[in-house]
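The values are calculated or read from the model by the stated rules, or taken from the named source; none is laboratory data. Keep in mind that what you see is a predicted model, and the values were worked out from it rather than measured. Cβ coordinates were reconstructed from backbone atoms using ideal geometry, including for glycine residues, and neighbour counts include every protein chain displayed. Side chains are part of the model used for accessible areas, which takes the heavy atoms of the whole protein and leaves out ligands, DNA and RNA. Shrake-Rupley method; radii C 1.70, N 1.55, O 1.52, S 1.80 Å.
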Number of protein chains: 2
Amino acid sequence: MYRTHTCGELRASDAGKTVTLAGWVQKARKMGGMVFIDLRDRYGITQLRVEDSTQPELAATASKLGREFVIQATGTVEERQSKNSKIPTGDIEVSLTGITVLNEAQTPPFTIEDESDGGEELRARYRYLDLRRNPLKNAMILRHRMAHEVRNYLDDKGFLEIETPFLIKSTPEGARDFVVPSRMNQGQFYALPQSPQTFKQLLMVAGYDRYFQIVRCFRDEDLRADRQPEFTQIDCEMSFVEQEDVLNLFEGMMRHLFKVVLNVDIPNPMPRMTWYDAMDRYGSDKPDIRFGMTINDITREAHGHDFTVFDSCEYVGAICVPGAAEYTRKQLDELTEWVKRPQVGAKGLVYIKYNEDGTFKSSVDKFFSQEDLADIACVCQADPGDLILVLCGPKRKAQTMLGTLRIEMGNRLGLRDPFNFAPLWVVDFPLLEWDDETSRFYAMHHPFTAPKPEHMEWFYSDKKEDLERVCANAYDFVLNGTELGGGSIRIHEAEVQKRMFEVLGISSEDAEVKFGFIINAFKFGAPPHGGLAFGFDRVCALFGGQETIRDFIAFPKNNMGRDVMLDAPSAIDDTQMEELALRSTVQNG
Amino acid sequence: MYRTHTCGELRASDAGKTVTLAGWVQKARKMGGMVFIDLRDRYGITQLRVEDSTQPELAATASKLGREFVIQATGTVEERQSKNSKIPTGDIEVSLTGITVLNEAQTPPFTIEDESDGGEELRARYRYLDLRRNPLKNAMILRHRMAHEVRNYLDDKGFLEIETPFLIKSTPEGARDFVVPSRMNQGQFYALPQSPQTFKQLLMVAGYDRYFQIVRCFRDEDLRADRQPEFTQIDCEMSFVEQEDVLNLFEGMMRHLFKVVLNVDIPNPMPRMTWYDAMDRYGSDKPDIRFGMTINDITREAHGHDFTVFDSCEYVGAICVPGAAEYTRKQLDELTEWVKRPQVGAKGLVYIKYNEDGTFKSSVDKFFSQEDLADIACVCQADPGDLILVLCGPKRKAQTMLGTLRIEMGNRLGLRDPFNFAPLWVVDFPLLEWDDETSRFYAMHHPFTAPKPEHMEWFYSDKKEDLERVCANAYDFVLNGTELGGGSIRIHEAEVQKRMFEVLGISSEDAEVKFGFIINAFKFGAPPHGGLAFGFDRVCALFGGQETIRDFIAFPKNNMGRDVMLDAPSAIDDTQMEELALRSTVQNG
């Protein structure tokens, strides 16, 4: 061992001890006839001291140390004269008797500080240096802790972690697969799993009634901001359970994580909201309930005032922004431009100021009297000093735009403290989503999700409107406006599964090709079962108070799916291509 | 919840309770006016009883239940009249008041019993049914337990589990990579990791001084028996450590596993053996030390007796098989044929019987007198009644053949009880292996393994014989003749790494292309570090008393790398090929 202690553990009570530390030189500086070295390792920073006058040789060595040199240093622990209360080792320093340079270091291309001077691209290229910084180190430690506690909790509840394969079969349903050409079976490909969904269901058929896995998954999608082609899931499944059992168990898991990792108590029981309520009141299936400002349906109050914009819309909705009646013309114009951005997609924004004096000033004064506006304000439960923002359109679309505007106003008003945690379950999702473009239904969760038993009649109906109102035994875990996980009770009866494929327009031949083995498996005694999966990267990020997942992944990819540190992907040898019986149709490889 | 209890937990003390169980019908049988059902779940089997006379309807339902039907059954726990001491629930049965068939089942294609009547291929196709059998279930539970205990131990020792990427860069060094074509970077490929070797070293550079991961790895190799294209490693690395620290820590981990999982105490400290001793005495770098029968060098005694076969060989070695002097001519002939198989590769076998009366009978009596044979017997520490088996050839080759013969004799004599655990460390491996065919050195472990400091002079020598005797700070964990893990202290100095590439004949340009990022990383302050990796599948198999890993993997591939349950790999859509800018050069896809 190169050290007797870490750089994070020495305290005043250790004074007098002879110790050996090893680590990286955070900085070295001369001051008043002494050289001070801040030595850093994973556990902290310890100050080392060399006296010029009594140890000229050692001082010479010490003063030649560059940033990030790796050294081993031996000396005596002494209580400091001027203590540093900012670090746990600040009461002591080590008066050195020896230094061994274990490795020199080039000057790093950016500073290894909490706030680095390096740009994102540069830090990505030198990820191993970026990982030395505290914010990333803390993220890695948090992630380890989270995974360990998930495993402890689930092990304690009788779950078995069972590893499922990575080289599986490509299924064209769902997102795009990454594929892996087979050399031993030329012309054929494996696929990397988008999730272990079918395997966990097979494990239920196999009788492993409580399964989980913290597992890498892969999706070859065009990368939106903060998506990664490979990501990690906490994947779970249970047999002989109903929705209530699943919700209770995983609510318990999240409660455990919040408590042991952050010492935060979340509400017990956690709030639940139906998908319909979430859409109506928050314009989102992942509502941020840290703040109010919920959406109000003012269609009835808005219609019939000869304002064609409203009259021609199915739905008119409003949010009430507390204390924002003072917004200037300029601010309102900017907000109008903001909702017209393609990401929001509104045609315009109507505002109603509820002045402190009880009067109203709106952008639709021509059509709405003070009494009309008061009616709207009443629906919105607005108080004097509030600003009412109105959008209209087809119902769900308008609600979604209002939901986006609500989040934006929440940000602007500072209502979205990342360390205020407001989790909830969203339940009762529609089973099916109609797609106008392809003129067919898609499964909102996935094709194995069970319809609610009480909606079975609609499920077997031929009418589109019946099918549209079938709810699923599906649920999402939502935290602070982000969906962290979701799942469902699965179909376990072959007959219901067959109907599901029929509704989705998947022919029995296609179903056989794509899902043959699982349909077949279900014929041999499938238990009732259900489960869910959490996006582990995002769970970690939110627990760390961050919105982006990149810093919670040791070696992430950039927006082009590239690892700029490794320079991957890259061209491969011709012999490799030949062995795989593949030819590239592009030249730029 | 569909049940109040599992099928494994009811005891006599539960008598009188009303319970609901759910599970699979192991069997249902009529007997003396009653129907008995054995209901099975992951936790055990419970006997259910229905009385024909008092419950005719229920009895009718019960008697229609087929094997593997999934049912929910409610009734009262009663102490049995004739108890079954073979199962933990054997003291009770449940007198039923209701049965709900949750799912019917087709008759499975093989019996769900500890010894199934299904062949390997059939069971692989219906893996989810095979997984219902106790041997596989117990293997999965063991594996979960092992992984959990590894994590507990390492977490307790301050290790962080850090996930490394799966989509990385292909490096032509080492085994063959599986590659993944990139759609967003057409003509380019990711590779799946053969191990996280470079990443864990980068993590050391990044300051994470205790890293581990239980992680999937991939190798596209022609599959020898009991190899899988994807396999799981316990991968570990530490900084500021010497070999002794690594050995102690992971010896502790294995000791912990043996104790908590199997309640077995392994020697403390574990034996260590140098690679040279292992080769000389066991003819293997993974010696099985559960039994003796070690190899004796009898070159001196064998040479100079005008027996050209011996005289022309560099080395003559022997093992002494206790109590086998009675072997018949036929048995010895069969053994001679056995050593001549290409897997062993001997040209012939010389035997010396040490008869109970103190005389010797050998196949080389023409050349060796009784005294000569007594000399050999003395070297071999043979006793009357033993059989000495002699092979000769180039030293290492002959030793390897003797090692193979030794294992075979150990098997034949029943000396290899799988539940007798004899672990050891093999240390001081040669750094380099000379390959005559390509006329170059290869790294015995990998190109980042450090030479022993005391061999540095040889390492920088130009002479082949000097380089051949350089030892590495490398070590293997060996159990019962199987290598379960191995690792090394790594090179952390750029200068030494450069020399290593030079010795391996890797040009600096090539090294730059293949390992550029890691060579570069090492310039920014690499700490001294080392680590190791265990083959987790095999660790589990050996703990389970099995030699093959396949039953310890939930969904394994067959010898052709195929998953016969999924039918993977398989052809993919033309559109997928087009998106990847790939064309197959074979038609049989």
May I ask you to verify whether B:THR46 is surrounded by fewer than 21 Cβ atoms within 10 Å (Cβ to Cβ) and not assigned by TED's automatic domain parsing to the domain that holds B:MET565? no
For B:GLN186, work out the one condition from (1) surrounded by fewer than 23 Cβ atoms within 10 Å (Cβ to Cβ); (2) within 7 Å of another protein chain (Cβ to nearest Cβ); (3) touching a strand residue (DSSP E or B) at 6+ places or on another chain (Cβ under 6 Å) it doesn't fulfil. (3)
In segment A:190-229, which residue that is farther than 18 Å from B:ARG216 by Cβ, in contact (Cβ under 8 Å) with a residue 12 or more places away in the chain and hydrophobic (A, V, I, L, M, F, W, C) is farthest from the other protein chains (Cβ to nearest Cβ)? A:ALA225
A:GLU161 vs. criteria open to solvent by 20 Å² or more (accessible area, probe 1.4 Å) and modelled with pLDDT of 95 or more: yes
So the helices (runs of 4 or more DSSP H) completely within segment A:373-482 holding 3 or more residues that are in contact (Cβ under 8 Å) with a residue 12 or more places away in the chain and among the polar types (S, T, N, Q) are A:395-412
For segment A:83-105, how many residues are among the acidic types (Asp, Glu) and surrounded by fewer than 20 Cβ atoms within 10 Å (Cβ to Cβ)? 2
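Yes/no matrix, rows are residues, columns are (1) closer than 25 Å to A:PRO135 by Cβ; (2) hydroxyl-bearing (Ser, Thr, Tyr); (3) in a loop (DSSP other than H, G, I, E, B):
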| position | (1), (2), (3) |
| --- | --- |
| A:GLU9 | yes, no, yes |
| A:ALA28 | yes, no, no |
| A:GLN47 | yes, no, no |
| A:VAL50 | no, no, no |
| A:GLU57 | no, no, no |
| A:ALA73 | no, no, no |
| A:GLU93 | no, no, no |
| A:LEU102 | no, no, no |
Would you mind finding the one in B:PHE477, B:PHE517 that is hydrophobic (A, V, I, L, M, F, W, C) and within 27 Å of A:TRP24 (Cα to Cα)? B:PHE517
Among the residues of segment B:158-180 satisfying the criterion of being facing chain A (nearest Cβ under 7 Å) and under 23 Å from A:ARG583 (Cα atoms), which is nearest to the chain's Cα centre (by Cα)? B:PHE178
Qualifying position, being over 18 Å from B:ALA526 (Cβ atoms) and touching a residue at least 40 places away in the same chain (Cβ under 8 Å), among A:ALA73, A:ALA12, A:ALA22, A:ALA62: A:ALA12
For the structure I just gave you, tell me whether B:ASP235 is farther than 23 Å from A:PRO108 by Cα and modelled with pLDDT of 95 or more. yes
Just to be sure, is A:LEU349 within 15 Å of A:VAL364 (Cα to Cα), in the same structural domain as A:ALA377 (by TED's automatic domain parsing), within 32 Å of the chain's Cα centre (by Cα) and not charged (D, E, K, R)? yes
Please enumerate the residues belonging to segment A:118-132 that are surrounded by 15 or more Cβ atoms within 10 Å (Cβ to Cβ) and in a loop (DSSP other than H, G, I, E, B). A:GLY118, A:TYR126, A:LEU131, A:ARG132
How many residues are part of a loop (DSSP other than H, G, I, E, B) and either open to solvent by 50 Å² or more (accessible area, probe 1.4 Å) or under 26 Å from A:VAL470 (Cβ atoms) (or both) if we restrict to segment A:276-304? 8
If a residue must be open to solvent by less than 20 Å² (accessible area, probe 1.4 Å) and out of contact with any helix residue (DSSP H, G or I) (no Cβ under 7 Å at 6 or more places or on another chain), how many such residues does segment B:460-476 contain? 3
For segment B:106-117, which residues satisfy the criterion of being under 22 Å from A:PRO527 (Cβ atoms) and either open to solvent by 20 Å² or more (accessible area, probe 1.4 Å) or at pLDDT below 95 (or both)? B:GLN106, B:THR107, B:PRO109, B:THR111, B:GLU113, B:ASP114, B:SER116
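Here's the yes/no breakdown for (1) in contact with a Phe, Trp or Tyr (Cβ under 8 Å, 6 or more places away or on another chain); (2) outside the structural domain of A:CYS392 (by TED's automatic domain parsing); (3) not aliphatic (A, V, I, L, M):
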site	(1), (2), (3)
A:MET273	yes, yes, no
A:ARG281	no, yes, yes
A:SER284	no, yes, yes
A:THR299	yes, no, yes
A:ASP306	yes, no, yes
A:CYS313	no, no, yes
A:VAL316	yes, no, no
A:ILE319	no, no, no
A:TYR327	yes, no, yes
On the given criteria, is B:ALA382 closer than 30 Å to B:LEU479 by Cα and aliphatic (A, V, I, L, M)? yes
Would you point out which residue out of B:GLY525, B:GLY505, B:GLY481 is open to solvent by 50 Å² or more (accessible area, probe 1.4 Å) and on the phi > 0 side of the Ramachandran plot? B:GLY505
Could you check segment A:550-589 and list, in sequence order, the residues that are outside any loop (DSSP other than H, G, I, E, B) and either within 15 Å of B:PRO165 (Cα to Cα) or within 7 Å of chain B (Cβ to nearest Cβ) (or both)? A:ARG550, A:ASP551, A:PHE552, A:ASP563, A:ALA568, A:SER570, A:GLN576, A:LEU582, A:ARG583, A:SER584
